[in-house]
Structures are given as structure tokens and as C-alpha cells.
Number of protein chains: 2
Amino acid sequence: MHFCPTVLLQAGLFVGFLQTSVASPALPELQQRGTPYERETSSIAAEVDKLLSRMTFLEKLAQTRNIGGILNPGVTYDEEFVEAFNNGLGGGSISPGNYQNPGPAAAAVINEVITRHQRRDRNNIPMIVVADSVNGVTLLNTTLFPATLSMAQSWNIELYSKVVDSMSKENRALGIHWVLSPELDLALEPRYGRVGEMYGEDKYLVGRFGVAYVKNMQAEDSQGYVRVATTVKHWIFGNSLAGVNQARLLGGVNDFYNLYIFPYLEVFRETNPLSLMPSYSSFDNIPMTSNLEYTRDILRNELKFDRVIVSDYAAIPQLQNRQHTAKSLQDCGIKAIAATIDHELSPPERSGMSTLATLEKNPAIAKEVHEAARRMLTLKFITKTMEQPLADLKNVNKTLRGEEAMKRNMDITRESMVLLKNDKILPLSKSFLSKVAVIGPLADIINPGSYAASDYSTGTTILEGVQKISPNVVFSRGCFRNNYTNFEQMRDEAVANARSASVAIVALGSVAAIVDGNVNDRTDGEAFDHADLDFPGPQVELLKAIVETGTPVVMVISGGQVFTLEYAAANAKAILHTFLQGELGGDALGEILTGKTNPSGKLSVSIPRRSDILPIYYNHMNTDRKEVGWQVTTDYQAPIVDRLPRYTFGYGLSYTTFSISGVSVTGTVSKTGSIKVEATVKNTGAVRGKEVVQVYFNQSAPEMERPIKNLVRFTKTGDLAPGESTQVNFNITVDDLGYWINGKKQVDADTYGIMVGSSSDDADLKFFNVIVQG
Amino acid sequence: MHFCPTVLLQAGLFVGFLQTSVASPALPELQQRGTPYERETSSIAAEVDKLLSRMTFLEKLAQTRNIGGILNPGVTYDEEFVEAFNNGLGGGSISPGNYQNPGPAAAAVINEVITRHQRRDRNNIPMIVVADSVNGVTLLNTTLFPATLSMAQSWNIELYSKVVDSMSKENRALGIHWVLSPELDLALEPRYGRVGEMYGEDKYLVGRFGVAYVKNMQAEDSQGYVRVATTVKHWIFGNSLAGVNQARLLGGVNDFYNLYIFPYLEVFRETNPLSLMPSYSSFDNIPMTSNLEYTRDILRNELKFDRVIVSDYAAIPQLQNRQHTAKSLQDCGIKAIAATIDHELSPPERSGMSTLATLEKNPAIAKEVHEAARRMLTLKFITKTMEQPLADLKNVNKTLRGEEAMKRNMDITRESMVLLKNDKILPLSKSFLSKVAVIGPLADIINPGSYAASDYSTGTTILEGVQKISPNVVFSRGCFRNNYTNFEQMRDEAVANARSASVAIVALGSVAAIVDGNVNDRTDGEAFDHADLDFPGPQVELLKAIVETGTPVVMVISGGQVFTLEYAAANAKAILHTFLQGELGGDALGEILTGKTNPSGKLSVSIPRRSDILPIYYNHMNTDRKEVGWQVTTDYQAPIVDRLPRYTFGYGLSYTTFSISGVSVTGTVSKTGSIKVEATVKNTGAVRGKEVVQVYFNQSAPEMERPIKNLVRFTKTGDLAPGESTQVNFNITVDDLGYWINGKKQVDADTYGIMVGSSSDDADLKFFNVIVQG
């Protein structure tokens, strides 16, 4: 009998949260690629044990370390820097670092380093290459997809799955066997700088995209090897205090289960992520990197997660210098290994794990280091790193930027923009296109966001997208993104251009990277939290000046965040949020502006009216927002309307209209049953288009406060022709309506509301009651 | 042997959190006042049991109800309304309601209602009168003290104790035997409307004032009866989400113990509050009114609190209509009684307790109703309500507004204002006083805040205070408090007045009640949360216009909240925050302006620079505010300086200067030891004054994130003459440096920082290390 990992994954061995009581798997047949590691036994677990039995404490400890960021610009690297990690002992993993190096050249250097270290290693254990992977591979010459948040606006899981499949192939082709994604964080706090890296504010939506990422990134080859291991992260994260990077999360055990780990439970149920990363934050005051209860106990004992837990970059030393919960660097290492952190990302001089080298005699530490090495080696076997640690450089160009990847990129880019307002101007008629003024500091750049491999030269900008659809385009930047230098002159030039044009396309927003050399333009991204959600610098003033010309304004937003849009919502003729686009953003925008593509994106994050009434997420508690009391509303106390979103989760316009009719919902069901929801979606407008059908639920009288509504299912229709209908069907297990109290799941016999429609706004939903019987 | 309650309180019987294993107390000798209740036994517990044994289920249930708000303006009341409570069965307590009725007249009506109900009652049980008591008695003709927040600015526990003693006597004189204070809530969220009712943001400071309140309000008479029972509330409250009234609190068990219940633990350790009120909010998603873990189990089982738990007004029905955690009104009642809520404040038609009338046969409910009645009857015995339920109207005028109370009021009013800025203008010289323009919509009103008994006619306004010190005062309102009606004309008149004056005193702020008939002026107070911390309406525009006249501006702030003061801090010559003053606010202000009184208040709440970077409290975690990462600070991302307070906790200026020198702090101590801190405070300036010496601590490497510093001791010196010194001494038990993990207190052997100085700002503190040995 041939036990390949595929079978064993299905049998539960690789399923972290199930008991791993089945027999050890046999290794798949080895391909003869000249890898120096020679297998001795026929099961991964036995192989790992054999290897461990020959390893010294220090050799095991080396597996806990990452050799990070080794490449400098120009594919150079400093050998001394690399040797500084573990005093040349090597590490468990290696990362290329700099994102602006060409993929094949970088992979060649990494191959060399791995090979050299492996030759030195008594046990011939190769390092595994680990890298970020958000918009694609974090090296150049690869396909640059939109950022995570952008792709989530598509609400198209099928398409996203294909995109991740392409990302996975390109990563593997470059020797990257392990990626530090997906982010299962909840984008509950728009002031936080990393929202662009997340899927959105809703735990269910995040879960669905997360499942798609893990399944497709970890796709198995014909022998059952995992192509590229994933890292679910950041365990746990959602709304750090006031949106401050690395600030703590407030919450208790009920928030933990019902909110924060919801996407993880979905991912664990349906896939087998091979690693997990704790967040920088503390939860209920205990740092997640050293949290014995919420990290070690719940993951290892309750959820049976036996895969690699990898620290976030420098999170271990930060126990001392940020959270102040450790006395020394060694104390940091002791606390992290006690929380069963297996692998550390840190610079050499700040490694907590390295400091454990002197503690071989401590049996608890020796045991945890052994376990960490076991998990790391297992990861290497499952990903075939032991046999094929290197990039196959001869064949790499067959994979990178292939036709299939580029088509998938174009498809998802078309669906990852959200039309927020359209006052009968889009698509632009020929007369509008006859003379277009493109204005704004976001128009002439590629804006892919943080952790994207881009030199900001490859791809189509907003300006270039418009140039492809109009014979007569004048461009003026209008202002700098975040400073007033030369503003009057730049604005006046833009105003003049707008005056002479039929339409003004005004591109405003923010950047999360140093896009065109201007360091101070960066107002979003990791550590770039923004207390104020207005557009940076003089951008709104520029918009006002253009609006005042009387030329109709189409506002195009670019940035991995939401902005307050009160002026634009009242004064622009149309607003299209493009979020963080990849290399094809300009092309897709052009198609949308002309109507060649009908926008079908829906918001996965709510847009507030002001910055001081957060949180704004749609699935709040009844008590969180609706003010009662004397009901005297003055202009000063936050008026109730100000606390409502300007544009809510699930919202997005199309050039056509849809009806959702004939909705039927199971009326009565048992606790173990399931609810069937059926509806007919019809394109009732004049052009082809896709609709996202959303199903929400709430509960009448649970034992704890539950949100006013929660997304429970969604689907995106195919491209419907005018007049065309399609049937959508959902099956909701009653168990999905349950919740956790003190870590125990319960489902109540109660009346539940089921809402079906086209956004999370009550006005867009049809309401049904379902009685769940005891 | 004569067992009076005093003895038994000391013996621990009345100490809620100790095991009540001592024998039942004997009743004190009854005074013969013709009360209809006749005692049969000689101990309270036995007396209560005897009484209970004769009571039906419905009679017990009646004890769980409050007959609330019976009086209308003009001391009228609607008998039908009163009879609607419990279908005429009466209740356990009664409340006068309307705060604008004269005390003696209201008490006469209440006496009558109590008597009528008591006569009807088979068991002759009187109702107990319960009322709010924040600035004093909530009826007119009593002493109107400053609001709680204002008095806390004094940091003068001794003086506050005397004030509460006066409040207590006035309450009792009017037959009020039970008050719904103190608020041990933490003012962590300045956008919340009820900050004016709280002591401040710091848990230790709140605890100290809370202890003083309970001790002095509950002062015992010569026989050991408690004069007026107190209610510690709201269990638990501090920072409802975004400052929204009744929104949930985020947090877990560690926040619960280390932060929220800290003041309660202080109060329970040192006093015996006879009741407690849960908050409207939920904590970790479970409403506190029905929270079995955080209310019932921790209070009843762990802290052994066996006193009355009284619901907040309508909090029980709100389980259904706000939190949506109950199916029906009866379900609300069931959930509340299960959480051992003993007594309900609710309108008759929305009483959850009343709906339990049909559930006599349910043994769990019958048992809890029995327990609730037991606790209520015990409260009535301890407060002597059983024997003297009525106000002694013949003698009431001897007590109300007595000389002692008025003196104490003046003393605390002088210390309850905080001088925030003084650019060499205060105290005002005679030349300034020769012609004063008083300007602003807060100048000509009494502003005592919410839950204050005031008809807004009694007392000295800011304007009147200035008129007492200057021969030549012109007044112009300048604008309405919260609307732009007639603004230009009003502003121009004020500008003209300012131009012709030597100094402009500009009084801005907010009101939390309908002060002068203008409903829309109310922008603070319960249900009046304010997302934006700017001054309401055109007030800042008015200030700018006055500053631009060039006449020096002394800004006087009035309101139970903090405001963003960026313009004022840069442009006013002086800023004095008066918070919510009682009837003597104008007089004290006049004294401060002339220098007759040297201001000695210190902030108990931090003042932020903007509204979108909250929280701002001083005792944050290291990770909460200081941004790291790339350290590229742009103008847009919240600049780090913007996240620092404009004026921090513990800060306040004086007309003199002080040195704190010769500080000695114990260097090494055992876990069971205590740390001695000694210092010399010297008045180094030219006028008499008082200084608040503050001691903070932090810990080097605890197991959880702890605040960067926490207040651990403070004291206020006496009035020091120029050149005069005094010695201050603090004794800090090492146990006070500990913290709770998962509900268990621990004290670590570690290095602790001890900081001694005049505010929470590092620049005002001297630093010492203390080593606590294992």
C-alpha cells in the first residue's frame, strides 16, 4: 500500500486540530534530483525522529532560526551578515529579503547559500526558503497581482483560488517553499496601517478567502507533496487599541472564540496550514508570542495544532523592549519556547532563540527545542524541501509570468474595484472621452501596497489606463500626496486643465511604500497608522478646486485603506475605489470607465463618515451604536447619522441592476439540521453584470450580546446578460448559527433572522425568520 | 453584652467580602419614635428570618421593587402612577424623582406615601427612600457642592470626607436612607457623557475617593446604625466602546481584576458598602446585569458580597430591548434574579422582577427572591429604616445648609479648579481688574452637571464671581453654547467689549442638563456622548475673535469633561478649568483670580490634543502609544506628539512653586515587606500654597503587560507659607505592587520603579529603583 501525504492529509494526520493517532506515513518516491539528503526510513515521522536522534541540542536549536533578509539591492549579499546567524551554524529557514531583486537572480544566490550551509551540516539538512506572499511572489519578474484587500473586494472565491494557484507555482519555481500568508486578521480598525494586507472586516469573509489561500498555495503535487507551505497569521489580530501598530487587543475569552479565531476555525476545519504566526499584540494583557493560554494551550492542546509556530519579525526580543514582560533577551527566548514557538524571525543580534544555546541542561527547554526541530523538519519533509531545497533555475522562466497567471491577474483586477457612487456619468460616453483631464498625485504611479514586489515601473497606471481609452488626455498632478510644496501652482495648473476638459478624473489616496522616492509620502502601511482618515496633504483641497470648475468629476481612489469621503460623496459625479492594484490596474480601470467591464466589486470594509466615531464595522452589537436615552439629538453630540457608515460592508454599484426575488428560506429546523436558502437573481438592467448575493443572520435572544447581523454565506453569480436569471442556493448548517461561551460552542433553540440581499444594509435585504427547535 | 452594629462591622459581619460566620447581632436599643414596626428578636439576622418566615412569595417579591420617580415638579404626584407599581403591593424602596422640588416638601409627601403603604402591609415593613447623591442631596434647599469630577481635582481626601459627611447628614435629614453613589467608574474615555459624575481616570485615585465616600456617607450613629447606605457602581465600567452610552466594554479576566474592579477591592477592604449596582454594559459580551460569572460568582462567591445588588434604571428590561439577550420581560427577570440582582429600578410597565409573580412554584426563583428580600430587609435594619423610615420634618431645617456644610463647600470649591496655563497674568493685578470684559455662554449660569439638585438660580455664576472682584465688568454672552443663531452680532458685541477692557475672561464649555431652558444646549451628560472633544457650537470661533482683539484672555472652562484646547493653549494667557461647580463656584473663582486663593487642583483626567487618538489616559501600556517601526514620521500619520496629552493626569499649576527634595526610597525589600518613601516639600515661591505629592510605580518584567506607570500613593500638603517645608511619608506595602493573572494575585520578585513628584509627567518625577526579593 502506497501512503502518500494526500491520503494522510485526508486521513487526518496532517490535520492539525485532529488527534494524530494514525500510523506514520511512508515517504513518497523520491525523485532523483541530486539532493544531498538521503532518506533512510519510509515514513516522515520516523524519518524526522531518526534525524533528531542524531542531532545535538545546538543543531536542533539552529532549526528554530531564520536567516533573514540576506539580499541587498542589486542581488548582492553580505556573507558576514549571513554567517552572523547562529555563528555560522545555519538556520532552519532562509529569506531573500529585498523585494526589488529579480526572482531568478535572487534564487540563484539563495541556492548557493543553502547549498553551502547544507554541505557544512553534519546531517545534510537544507534550509527552507520562506518569504512573504501578498500580491504574489516578493521578488521581481513575477506576476504582480492586486493586494489582498483589493482582491477581497471581488467576493469571488473561485477566481481568487486560481490566482493563489498561480502565486503558488511562481513561488515554488523560485525555490520558495513556505510563505508568510494568509493574514486572517480582521480589518476592524481603519486607522491601523496594515488594512491593505487584510481581506476585510468580516470574520466569515476572511475565513473563506483564507481557506482558498491555504488550499491553493498548499496544492499538492502528484506525489502528495505540498507545493508551498502557508502561515496563518497573526494569531490573533483585529483592532489594536486606537489602531496603533503593535498595541494590545482588548478582549476576553468570548471575543477570542466568537470573533478573532473564527477564520482560523474555518481554515483548520477545511485545510491544513503548515504554520501559524502569533501577532505582535497582547490579548487581555499577555503577549501572544508568550501566551501560554491563548497560544500554547488552545492551539496545541485544544485545537491540536502540531505545525510550526513562527514568531513575527523580532516579536521575541520585543517581549523585553516593547511589552516589557521579559528581563533579558534570554528570558524572551525562554518565554517564547515555553509558549511552543518553534521558529524565530529576528536579526542575528536580537535572537531570543539563539540565547537558549547555554540552556541545554534545562530539560524543559531541551524538550521544547526538540519539539520545535521536529516540527520544522516535518515541514521540510512535507514540502519536499529535504529532497529539493533549491529553485530549479533552468525551468523557472516557463513558470514566471505565464499566460495563465496574467489572465487570472486581469480577471481579478477587473473585479477588485468598487463603484461607490455613480450619478449617471459612468460609463463615460464618447463625448466625455473626447477630452479628459487626469488629475491627482495617485494617477501616475503603480500603487500595489506593502509587501508587494514592485519597482513601481512595471504595469499600467491610472493615467496610462485612461490614455488607452481617450485620444486626448491632459495630466496634472495637482499636488503632492502629503505636502503643500508648490501647491497653489500645481492646483492652478490642474484647474486650468479641468476647465478645458469634458471630464476630470481625479485620483486621490495614499501609498504604503516609498513609491517614487518621496519618503514622506508614505502615510499607510505597517507602522504608518493614521488617526485621521481624511486624505493626506492638500488632496481634498485639490478636489474642491476641481469640483468648483464645474467640469464633472470622476473620483478614483487608490490606497489600501478607507477614507472619509464626505465632500466627495456630495460633490463628485462618481467615486470608484481601486484599493491597491497590481500591474494591470490601469487597464482594468480603463475598461470600467468605458463600460467594457462592468464593476462587480463590493466593499469588504465599511467606510465611515468621520474618524472619531470608530469602530464602524457593520456587525456591531445593538448597544454599540444606537443611542437611546433622552433621544435629544443635538448637532454636537455625535449625531446618530454620523455614526452610520457612508458606504457599508457588502455595498458596491454596478452598471446594471439586479433583482433578488423568489427567496425561500427553511422555516423550522432542528439543531442538527440545516437551512436551505434559495433565490433567483435576475439582471434587470441593460448591460451584462455579476451580482454578489449575501446572506446574513442574527439571533433573537442568545445568552450573550451578538452582532445585529453576521455574514453567513455569499456567492457571486456568473456574468448575466440583460434579462438573464440564475438560481442561487445556500445550505446553512444550524451549527453555523451557534456561538461560544467560555470556549464551549452552543447552539440555542431560538428564532433566528435570515437576511438575503445585495449588501449589509437593511434596505438591501429581505428578512426571514427561522425557528430552530430544541 | 450589648452587640451594636459598630462592633459587628468591625467583627466582619457586615464586611461583605469576609465570610459571615459570626453569630447574629443583637439589635440596638430601639428609640421610641412611634414607628409601627415592632421587633421580636434581638439580632438582625434572626429578625429578618422571622419576618421572612411570615412573608408570602409576592410580599418578598415586592421587596425587589423600587417605586421610582414619584414626584413631579411642584411636589405633586400621581397616586395612580404610584399604585401601578406591583399593583399597589408597594415596594422595597421609593424614590422622590424630580430634583427641582424643595427637600422638606418632597420629604413630607414621601413620608405620607411610605406611611400609607406601610399601614397596608401585613408585616408593617416600610419602604426605604433611595436617591442619587452626587453634588449633595438631589432635592432643593440643600447644600449644592461641586460635582464629583470637580471635587476629585482637589486630591484632598480629608476635605472630601468632610463634604460627604455633610451630604450624608442632609440626606438622612430628608429621610433618604440609601444613595446610589459613589461611582467607581474609570473615566478612561473622554467622549463618554458621564465623565463629570466620575472621580477620574486612575483606579487608585478613584478607589481612595470611593473609600472616603462610603466611609463618611455610611457613618454610624451612636448606636451603630448606618446613617445612609451607599451603592458602589457601576460594576463594572470604564470605557464603553467609542464612548457610546451603554455600549459594551471590551476586556478579559485580566482587565477585570487589574483595572476595573481595583477601586472596588479597595472599598471592600476598608469599608462595607451596603449595595452595589451593575453597569448597563456587557463585559466580554455578557451584560453585567445578568452576568453569572463576573457579577454573581465573583461578587457572591469570591468576594463574599452579601449586600443588595440593585439594577441600574431599566437595566433589567434592557436585557431584552437593548442587549437582545432575553426573549421576554419575564425572561429578563429570570436572568436578573439568577445573577442575584436583588432590587430593580424600572418603570412599572417594564419591571422584570414583577413578571416573576407567576413563578412562585419555581424553586430556584423562589429561593433567589427569598434571598433578595433577605438582603433588602437587612439593609433596612442596618440603616434603621425599620424603626425610622420617615424624615424628621420638625428638625430638618437644623441640618440643611448649615454653617459647617457651607464652609466645607467653600473649602472644596476652592480646591476643585485646575490652573492649566498661566502666562504671568494670574492673579490679576489691580490694573487688569479696573475694567474686565466677561464673555462667553458659560459665564452667566450655574453649571453643576447631571444628577445635581439645582434650579440653576441659586449660587454664584462666573460672571457674579468676577463682579465681586472688579468695579467695572461688562458682560457679553458672545454666542449660544451650541448653535450659531445670531452669532455674528453677539460676537461683535463681545469683541467690542473686549477691546475696551483690560482683560477678557472668556468662559466656554458645555452643560449636561437643561440649564436655562435651551434643550439643544445640552451636549454632555448621560446619553450625551460627544465624538468630538472640541467646544460645541461657535465657541472656539468666539475665542479666536476675542484673542485677535489683543486684549489678554483668561479662559475659564466650565463643564464635566475635557476639551481639546490646542487653540487656547497657544493663545490664551491663562486657562483655568473649573469643571462642574456648585453654588459657590463664582466666589471661589473670584478668589483665585485675585490671588486670595491659590489654586491647588490637579487633573484627575488627561486632556488630549485631538479626538481621534483616544485613549489618552496616562497609565497606558508601553505598546499602546509609542510608535516604532521605521520611525518615519510624516505630517499625516498621527504624529507621535499628537498622541501625547496636552495636559496630563496629576498636572496643575499654582501661584507659587514647590520643590520636592531629599527623597528617600527603600532600596531592597522582601515580598511581605513595605517600601518607605520620604520627601521634603518646600514652598519655594512667594505666596502660600498646597502641593499634591504623587507616587507612581512600575515593574521591570512582569508576566503581563502593565502600565508604564500607576499611581500608588498621594497626599496633599497643608497650606505652606513661602519658604516653609513639610515632610511627607508614604508606606507602600509590596503587595500593592502586585497584579492578578486569571484572578490570582501575584507579586513578583523583580525590580520596580518608584517615581515621586508633582504630576504623572516624567519631567515632574524623580526616579528610584526598588528591588523586591523573592
Subject >> Which listed residue, of B:VAL129, B:VAL134, B:VAL164, is in a loop (DSSP other than H, G, I, E, B) and hydrophobic (A, V, I, L, M, F, W, C) >> reply: B:VAL134
**OP:** Out of B:ASN254, B:ASN301, report the one residue that is among the polar types (S, T, N, Q) and under 18 Å from B:ILE741 (Cα atoms).
**Re:** B:ASN254
Subject >> Test: residue in the stretch A:757-770 that is in a strand (DSSP E or B) and without any contact (Cβ under 8 Å) to a residue 24 or more places away in the chain >> reply: yes
Original post:
What is the residue count in the stretch B:222-276 for residues that are over 23 Å from B:ASP132 (Cβ atoms) and of a type outside the set (Phe, Trp, Tyr)?
Top reply: 17
Original post:
Given the conditions (1) within 14 Å of chain B (Cβ to nearest Cβ); (2) farther than 16 Å from A:ALA187 by Cα, and given that A:THR594 satisfies all but one, which numbered condition is not satisfied?
Top reply: (1)
Original post:
Limited to the stretch B:240-257, what total is found for residues that are at the interface with another protein chain (Cβ under 7 Å from one of its Cβ atoms), in a helix (DSSP H, G or I) and touching a residue at least 24 places away in the same chain (Cβ under 8 Å)?
Top reply: 3
Subject >> Qualifying position, being at negative phi, crowded, with 16+ Cβ neighbours inside 10 Å, at pLDDT 95 or above and out of contact with any strand residue (DSSP E or B) (no Cβ under 6 Å at 6 or more places or on another chain), among B:ASP748, B:ASP762, B:ASP735, B:ASP719 >> reply: B:ASP748
**OP:** Would you check which residues across the stretch B:670-705 are away from every other protein chain (no Cβ under 14 Å), crowded, with 20+ Cβ neighbours inside 10 Å, in contact with a helix residue (DSSP H, G or I) (Cβ under 9 Å, 6 or more places away or on another chain) and assigned to a strand (DSSP E or B) and list them?
**Re:** B:ILE675, B:GLN694
Subject >> Residue within the stretch A:315-324 that is away from chain B (no Cβ under 12 Å), closer than 24 Å to B:GLY743 by Cβ and not in a loop (DSSP other than H, G, I, E, B) present >> reply: no
Subject >> Residue identified as assigned to a loop (DSSP other than H, G, I, E, B) and either over 19 Å from B:MET288 (Cα atoms) or under 12 Å from the mean Cα position of the chain (by Cα) (or both) among B:TYR199, B:TYR204 >> reply: B:TYR199
Original post:
Just checking, which of B:SER161, B:SER222 is away from chain A (no Cβ under 14 Å), free of Cβ contacts under 8 Å to residues at least 40 places away in the same chain and more than 28 Å from B:THR289 (Cβ to Cβ)?
Top reply: B:SER222
Original post:
Within the set of pairs 6+ apart or on separate chains, which have a first residue in the stretch B:269-283 that is part of a helix (DSSP H, G or I), a second that is aliphatic (A, V, I, L, M), and C-beta atoms under 8 Å apart?
Top reply: B:GLU270/B:VAL211
**OP:** Could you please let me know if A:SER351 is polar (S, T, N, Q), surrounded by 21 or more Cβ atoms within 10 Å (Cβ to Cβ) and more than 17 Å from A:VAL228 (Cβ to Cβ)?
**Re:** yes
Original post:
Got a number for residues in the stretch B:228-239 being modelled with pLDDT of 95 or more and either touching a His at 6+ places or on another chain (Cβ under 8 Å) or at the interface with chain A (Cβ under 9 Å from one of its Cβ atoms) (or both)?
Top reply: 2
**OP:** Give just the number: which of (1) under 30 Å from A:GLY207 (Cβ atoms); (2) in contact with a strand residue (DSSP E or B) (Cβ under 9 Å, 6 or more places away or on another chain); (3) in the same structural domain as A:ALA496 (by TED's automatic domain parsing) does A:GLU583 not satisfy?
**Re:** (2)
Original post:
Quick one: is B:ILE425 surrounded by 18 or more Cβ atoms within 10 Å (Cβ to Cβ), at negative phi and of a type in the set (A, V, I, L, M, F, W, C)?
Top reply: no
Original post:
Looking only at residues in the stretch B:559-584 that are touching a Pro at 6+ places or on another chain (Cβ under 9 Å) and not in a loop (DSSP other than H, G, I, E, B), which one is farthest from B:SER454 (Cα to Cα)?
Top reply: B:ALA574
Subject >> Positions within the stretch A:284-314 being within 14 Å of chain B (Cβ to nearest Cβ), in contact with a helix residue (DSSP H, G or I) (Cβ under 8 Å, 6 or more places away or on another chain) and part of a loop (DSSP other than H, G, I, E, B), in sequence order >> reply: A:ASP284, A:ASN285, A:ASP312, A:ALA314
Subject >> Filtered residues of the stretch A:536-569 (kept if of a type in the set (A, V, I, L, M, F, W, C), buried (at least 22 other Cβ atoms within 10 Å of the Cβ) and either touching a helix residue (DSSP H, G or I) at 6+ places or on another chain (Cβ under 8 Å) or not assigned by TED's automatic domain parsing to the domain that holds A:VAL511 (or both)) >> reply: A:LEU542, A:LEU543, A:ILE546, A:VAL553, A:VAL554, A:MET555, A:VAL556, A:VAL562, A:ALA568
**OP:** Check whether at least one residue in the stretch B:192-200 is surrounded by fewer than 24 Cβ atoms within 10 Å (Cβ to Cβ) and in contact with a helix residue (DSSP H, G or I) (Cβ under 8 Å, 6 or more places away or on another chain), and report yes or no.
**Re:** no
Original post:
Can you find a residue in the stretch A:453-476 that is closer than 27 Å to B:ASP642 by Cβ and crowded, with 24+ Cβ neighbours inside 10 Å?
Top reply: no
Subject >> Verdict on B:ALA336 being buried (at least 24 other Cβ atoms within 10 Å of the Cβ), at pLDDT 95 or above and within 12 Å of another protein chain (Cβ to nearest Cβ) >> reply: no
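The values are calculated or read from the model by the stated rules, or taken from the named source; none is laboratory data. What you see is a predicted model, and the numbers here were worked out from it, not measured in a lab. Cβ sites come from the backbone with ideal geometry, for glycine too, and all protein chains shown count toward neighbours.
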